[in-house]
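Asker: Pasting a structure here, questions to come.
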Amino acid sequence: MSDGHLRATYNEIHAIIGKASERIAPWKPDLFVAIGGGGFFPARVLRSFLKHPATGKNISIQAIGLSLYEELPETTSEQIGREVVRTQWLGPESRALLGRRVLIIDEVDDSRTTLAYAIKELQHDVEEQLKLLPEAEREAKRTKFAVFVVHNKKKAKAAELPADIPYYAGEESS
């Protein structure tokens with residue numbers, strides 16, 4: 001009986017990410033946003049398989065910190081597991097998202113709460129940056145987002161992702 005946890009060695013995780021990169025490559029991401037702390041490692045490994053579509057160089061990794069299950073100094077017991085808390089965000093660097101194909105990366109899709117929050121807030125940041133551009137330039141600078149998780153827990157989710165966001169999972173289990 002599965003407990004919903006994917007137990008894998010480093011080499012197995014590396015292989016899972018490598019196999020997923022073959023499905024992600026046609027989407028042609030040119031920027032990674034890793035959700036910390038779990039998204040940092042998969043983003044780094046994925047970067048060894050995918051290169052920037054225009055330059056062939058490493059794809060840059062930006063980091064955001066979100067916490068749903070951690071007890072942090074500024075959180076209450078009522079917030080843990082229910083409310084996403086920002087611990088790090090792009091800030092003015094959100095301009096770097098304009099016109100990009102951004103792959104948001106995390107290790108596990110459990111409740112989908114953190115992923116939905118990240119997408120909603122990053123899309124909001126992009127819209128705010130687009131308002132600063134002349135109207136004629138906005139559509140060309142509109143950011144496209146996709147999601148990659150190493151492990152999708154196949155269960156009812158607390159949140160939905162927008163239908164136009166491509167979703168890639170390395171492994172799925174119930």
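The values are calculated or read from the model by the stated rules, or taken from the named source; none is laboratory data. These numbers come from a predicted model, not from an experiment. Here the Cβ is made from the backbone with ideal geometry for all residues, glycine too, and neighbour counts use every protein chain on show. Surface areas here come from the heavy atoms of the whole protein model, side chains and all, with no ligands, DNA or RNA. Shrake-Rupley method; radii C 1.70, N 1.55, O 1.52, S 1.80 Å.
Asker: How much length is gained if the chain between ILE165 and ALA136 is pulled fully straight, taking 0.36 nm per residue apart and subtracting their Cα-Cα distance, in nm to one decimal?
Answerer: 8.0 nm
Asker: With 18 Å as the limit, write out which pairs from LYS19/LYS51; LYS28/LYS51; LYS120/LYS144; LYS120/LYS155; LYS120/LYS157; LYS28/LYS144 have Cα-Cα distances beyond it, or answer none.
Answerer: Table pairs above 18 Å Cα-Cα are LYS120/LYS155.
Asker: Just name one of VAL84, SER173, PRO53: the one whose Cα is farthest towards the positive end of the charge dipole of the chain (beta-carbon charges, Lys/Arg +1, Asp/Glu -1).
Answerer: Positive-most Cα among the choices belongs to PRO53.
Asker: Using a 10 Å cut-off on Cβ atoms, rank the peptides 154-160, 30-36, 164-170 from the highest mean neighbour count down.
Answerer: Top of the packing list down: 30-36, 164-170, 154-160.
Asker: Highest first, please rank the peptides 137-148, 96-107 by the mean number of other Cβ atoms sitting within 10 Å of their residues.
Answerer: 96-107, 137-148
Asker: Run the accessible area of the chain with a 1.4 Å probe and give the carbon-and-sulfur part as a rounded percent.
Answerer: 51 percent
Asker: What does the net charge come to around GLY99 if you take all other residues with beta carbon closer than 11 Å to its beta carbon, with K and R at +1 and D and E at -1?
Answerer: Charge balance near GLY99 sits at +4.
Asker: Still on this structure: Simple spin-label model, 7 Å along Cα-to-Cβ: ALA63 to LEU90 in nm?
Answerer: Result: 1.7 nm between the two label points.
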